[in-house]
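> Attaching a single structure in structure tokens format; questions to follow.
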Amino acid sequence: LSERREVAMKRVESDSEEMVRYEALRALIAMRGAEAREACRLVLTARDRLTGLLAESAPEVRAEAARGLGVFAAEDDVAVLVATLEDPVPWVRVHAQLALMKIAGGEKAETPAQWKSWYERRYYERRR
């Protein structure tokens, strides 16, 4: 791991200050290339860690966590992103919506119920 990425990952995972974790998460997401994607994946795809980041009291951290999920565009994250559409902070909801649109290949739904319906249709089609 590069030194910069390693420091950022440690801060995201362990720093007691929410704003430090926020800045470290932003730094990881801003990195380019396979190494950066792997660093974000290590931090963001762990279910317990992801849930923790989306439950942070700082809206900046929740927004960056949703934005980070959009980088990976994995359908496994649809449920947690749909739940984030209920966040009390509008721009956290915007980041969740943008991440869902990336996962959906540009499609857009207006409500959490519509996103759930989209996901259920996709899941059903894949199982046929």
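> Convert each backbone phi in region 95-104 into a coupling constant with the Karplus relation 6.51 cos²θ - 1.76 cosθ + 1.60 (shift: θ = phi - 60°), then list the ³J(HN,Hα) values in order as whole Hz, x for Gly and Pro.
Once rounded to whole Hz, the list reads 5, 5, 4, 4, 5, 5, 5, 5, 4, 7.
> Hey, with R₀ at 25 Å, roughly what FRET efficiency would S57 and E107 work out to, going by the Cβ-Cβ distance, to 0.05?
Calculated value: 0.20.
We did not get these values from a lab; they are worked out from the coordinates using the rules stated. What you see is a predicted model; the values in this text were computed from it and never measured. Here Cβ is always computed from backbone atoms with ideal geometry, including for glycine, and neighbour counts include all displayed protein chains.
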